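**Q** Got a structure for you, written out below as structure tokens; questions coming shortly.
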Amino acid sequence: MISRRSGIIFREYSSPWADMARQHVSEIWHAVRRFLERTLQYLTTPDVCDSLLRLWFDPLLTSALNNANRKLEELLLVHKREPMTTNHYFSDTAHRLKQRRKTASFEAFLKNKTARSGYLQADDVPAILAAANGAPEADMDRGAAEDALDDMQAYYKGRFLCFLLTA
């Protein structure tokens with residue numbers, strides 16, 4: 001399951017998608033309408049052009065626009081649900097990515113601790129244990145972004161792997 005914070009970030013960043021998609025559908029509809037109108041103006045008289053548009057093409061185009069908007073709303077329903085995957089590759093990969101980041105952080109901490117004196121002392125143990133346990137990220141946005149990045153990478157690695165297995 002994708003983390004809750006990743007889901008919130010996904011929803012926040014994908015919120016403009018619906019309006020962008022609706023605008024795109026509308027722009028395509030208007031481009032098709034203009035193309036047909038200009039083509040008919042070139043091929044016919046103004047009266048015939050107006051009649052064909054009003055009686056034939058406009059009803060067809062309006063119906064096509066309604067169908068496109070209905071299908072778009074159907075596709076956008078996915079973004080209202082909690083993002084999730086049941087792929088076990090996802091959870092394994094996400095866990096490995098998080099663990100790799102924690103290990104790198106802990107490794108940097110140990111190198112920093114030993115850089116000064118070249119060895120560890122007994123009074124360093126509490127700080128080492130705290131670093132090994134991975135203190136929670138103080139910056140909530142950074143922590144959420146790290147989780148989202150791990151989840152995104154794990155999700156797309158899993159999708160790629162599934163693609164390779166089915167290809």
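The values are calculated or read from the model by the stated rules, or taken from the named source; none is laboratory data. Keep in mind it's a predicted model, so treat the numbers as computed, not measured. Cβ sites come from the backbone with ideal geometry, for glycine too, and all protein chains shown count toward neighbours.
**Q** Given the conditions (1) over 30 Å from ALA21 (Cα atoms); (2) at pLDDT below 70; (3) surrounded by 14 or more Cβ atoms within 10 Å (Cβ to Cβ), which single one is not true for ALA135?
**A** It fails just one condition, (3).
**Q** Sticking with this structure for a sec: Yes or no: LEU52 at pLDDT 75 or above, outside the structural domain of ASP147 (by TED's automatic domain parsing) and crowded, with 16+ Cβ neighbours inside 10 Å? First the steps, then the outcome.
**A** On the way: at pLDDT 75 or above: yes; outside the structural domain of ASP147 (by TED's automatic domain parsing): yes; crowded, with 16+ Cβ neighbours inside 10 Å: yes.
Yes.
**Q** Just one of (1) modelled with pLDDT of 70 or more; (2) surrounded by fewer than 11 Cβ atoms within 10 Å (Cβ to Cβ) trips up ALA144, so point out which.
**A** Unmet for ALA144, out of (1) modelled with pLDDT of 70 or more; (2) surrounded by fewer than 11 Cβ atoms within 10 Å (Cβ to Cβ): (2).
Residue-wise test of (1) out of contact with any strand residue (DSSP E or B) (no Cβ under 7 Å at 6 or more places or on another chain); (2) outside any helix (DSSP H, G or I); (3) modelled with pLDDT under 95; (4) under 30 Å from ASP151 (Cα atoms).
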| site | (1), (2), (3), (4) |
| --- | --- |
| HIS24 | yes, no, no, yes |
| GLU27 | yes, no, no, no |
| ARG33 | yes, no, no, no |
| THR62 | yes, no, no, no |
| ASN67 | yes, no, no, no |
| GLU74 | yes, no, yes, yes |
| HIS79 | yes, no, yes, yes |
| GLU82 | yes, yes, yes, yes |
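**Q** Mind counting the residues in region 90-112 that are farther than 30 Å from ARG11 by Cα and either at pLDDT below 70 or of a type in the set (A, V, I, L, M, F, W, C) (or both)?
**A** Qualifying residue count, region 90-112: 4.
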